[in-house]
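Undergrad: Take this structure first; my questions come after.
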Amino acid sequence: MSEKQFKTTIGGQALIEGILMRGPEKQCIVVRGPEGLVIKEEELKLIKDKYPILGLPLIRGSVTFLDSMVKGVKALMFSADYFPEEDGTAEPSKFEKWLDQKLGNEKMEKIVIGFSVVLAVCFSIGLFMLLPTFLASFVERFTDSVLVRNLVDAILRIAIFMTYMIAVSRMKDIRRTFSYHGAEHKTIFCYEKGLELTVDNVRAQSKHHPRCGTSFLLIVIIVAILINTAIFALFPVDNVFLRMLVQLLLLPLVVGITYEFNRYVGGHDNPVTNFLAKPGLWMQNFTTFEPDDSMMEVAIEALTRVIPAEKGKDEW
């Protein structure tokens with residue numbers, strides 16, 4: 001008989017032919033390589049344990065987001081190592097050889113990870129936050145209404161975000177990764193219901209999970225719209241570049257509020273929180289697809305290895 005359902009803090013990330021699962025004590029990467037499953041377990045070292053102030057509400061959101069980005073990029077690089085270019089004949093360039101000699105593999109890896117995280121954050125901020133504000137500034141040629149400008153800004157943010165997610169989901173390789181995303185969600189649901197972690201039990205679960213990174217990104221967009229609309233309505237800023245700067249300064253607050261919102265919604269089950277979770281769940285139609293049995297096997301292996309020995313330690 002299955003145990004009473006609970007909500008777990010364990011979460012994951014889809015990789016290239018694999019899955020990363022993070023528990024309260026450790027994380028595990030499982031990749032289905034050409035020669036079978038490749039498994040990498042690591043003990044988790046959280047920066048908030050060293051600096052407790054970084055674990056306070058509103059502050060912990062940005063810290064957790066950046067930490068997840070860094071660990072996620074590392075995991076992606078790890079999974080990518082098992083799937084080299086098809087020809088496999090490309091020789092390292094002179095610049096790559098020089099960097100390897102001067103910095104070594106470990107330092108080089110840190111530089112690549114740091115650059116990848118910065119690039120991803122800048123791309124996201126530029127595309128989903130700053131570009132809509134810049135484009136919305138052109139309505140000032142037709143009207144002086146701050147309300148109209150803010151409305152156009154909001155519509156452009158959501159339209160660009162939706163267009164990007166839909167376009168990415170149609171890419172063949174990304175679609176397969178999103179199937180691993182579905183396997184991650186199904187496996188966590190199975191575990192939360194207290195069912196035995198088997199492929200048959202996992203297959204029967206929903207691929208949409210309320211505590212998902214896709215939901216987080218969508219809520220960031222919505223919270224940013226609400227905060228920016230309120231700020232610029234109370235304190236109008238005519239210069240578009242100054243408005244962009246204000247948005248950048250407000251971003252940690254936006255991420256912090258979003259994180260607390262997701263924690264609350266994810267930890268409660270009532271008509272109000274279920275309604276608030278619906279936009280994020282709907283968005284997952286573009287980022288989670290049905291997995292095959294081999295993908296679910298990977299997810300089961302990864303999740304099993306991060307379940308804490310002390311029962312209930314991972315309870316939400």
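Undergrad: Quickly run through the range 243-266 and pick out the residues that are over 15 Å from the mean Cα position of the chain (by Cα) and without any contact (Cβ under 8 Å) to a residue 24 or more places away in the chain.
TA: Hits for the range 243-266 are 245, 246, 249, 264.
Undergrad: Inside the range 283-299, can you point out the residues that are under 15 Å from residue 32 (Cβ atoms) and either open to solvent by less than 10 Å² (accessible area, probe 1.4 Å) or within 20 Å of the chain's Cα centre (by Cα) (or both)?
TA: Passing the criteria: 291, 295, 296, 298, 299.
Undergrad: What number of residues within the range 175-198 are under 22 Å from residue 211 (Cβ atoms) and outside any loop (DSSP other than H, G, I, E, B)?
TA: Summing the residues that are under 22 Å from residue 211 (Cβ atoms) and outside any loop (DSSP other than H, G, I, E, B) in the range 175-198 gives 16.
Undergrad: Additional query: Check off (1) part of a loop (DSSP other than H, G, I, E, B); (2) under 22 Å from residue 161 (Cα atoms); (3) of a type in the set (A, V, I, L, M, F, W, C) for residue 237 and give me the number that stays unchecked.
TA: Here residue 237 meets the rest and fails (2).
Undergrad: Just give me the residues in the range 261-294 being among the aromatic types (Phe, Trp, Tyr) and part of a helix (DSSP H, G or I), in sequence order.
TA: 261, 264, 275, 282, 286
Undergrad: Does the range 221-234 hold any residues that are open to solvent by 20 Å² or more (accessible area, probe 1.4 Å), touching a residue at least 40 places away in the same chain (Cβ under 8 Å) and not β-branched (Val, Ile, Thr), and which are they?
TA: 233 - this is the single residue of the range 221-234 that is open to solvent by 20 Å² or more (accessible area, probe 1.4 Å), touching a residue at least 40 places away in the same chain (Cβ under 8 Å) and not β-branched (Val, Ile, Thr).
The rows are residues; the columns are (1) open to solvent by less than 20 Å² (accessible area, probe 1.4 Å); (2) of a type in the set (D, E, K, R); (3) in contact with a Phe, Trp or Tyr (Cβ under 8 Å, 6 or more places away or on another chain).
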{"residue": "171", "(1), (2), (3)": "no, no, no"}
{"residue": "199", "(1), (2), (3)": "no, no, no"}
{"residue": "203", "(1), (2), (3)": "no, yes, no"}
{"residue": "212", "(1), (2), (3)": "yes, no, no"}
{"residue": "217", "(1), (2), (3)": "no, no, yes"}
{"residue": "236", "(1), (2), (3)": "no, no, no"}
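Undergrad: Here's something else I'd like to know. Is at least one residue of the range 243-255 basic (Lys, Arg) and part of a helix (DSSP H, G or I)? Before the answer, list the steps.
TA: We begin by selecting, within the range 243-255, every residue basic (Lys, Arg); these are 243.
Checking the rest, the ones that are also part of a helix (DSSP H, G or I) come to 243.
Scanning the range 243-255, I find at least one residue that is basic (Lys, Arg) and part of a helix (DSSP H, G or I), so the answer is yes.
Undergrad: In the range 240-262, how many residues are open to solvent by 50 Å² or more (accessible area, probe 1.4 Å) and either touching a helix residue (DSSP H, G or I) at 6+ places or on another chain (Cβ under 9 Å) or closer than 13 Å to residue 150 by Cβ (or both)?
TA: 6
Undergrad: Mind checking which residues of the range 139-160 are over 14 Å from residue 224 (Cβ atoms), open to solvent by 80 Å² or more (accessible area, probe 1.4 Å) and either touching a Cys at 6+ places or on another chain (Cβ under 7 Å) or of a type in the set (A, V, I, L, M) (or both)?
TA: 147, 151
The values are calculated or read from the model by the stated rules, or taken from the named source; none is laboratory data. Just so it is clear, the model here is predicted, and its values are computed rather than measured. Positions of Cβ are generated from backbone atoms using ideal geometry, with glycine treated the same way; all protein chains shown enter the neighbour counts. Only protein heavy atoms, including side chains, enter the accessible area calculation; ligands, DNA and RNA are left aside. Shrake-Rupley method; radii C 1.70, N 1.55, O 1.52, S 1.80 Å.
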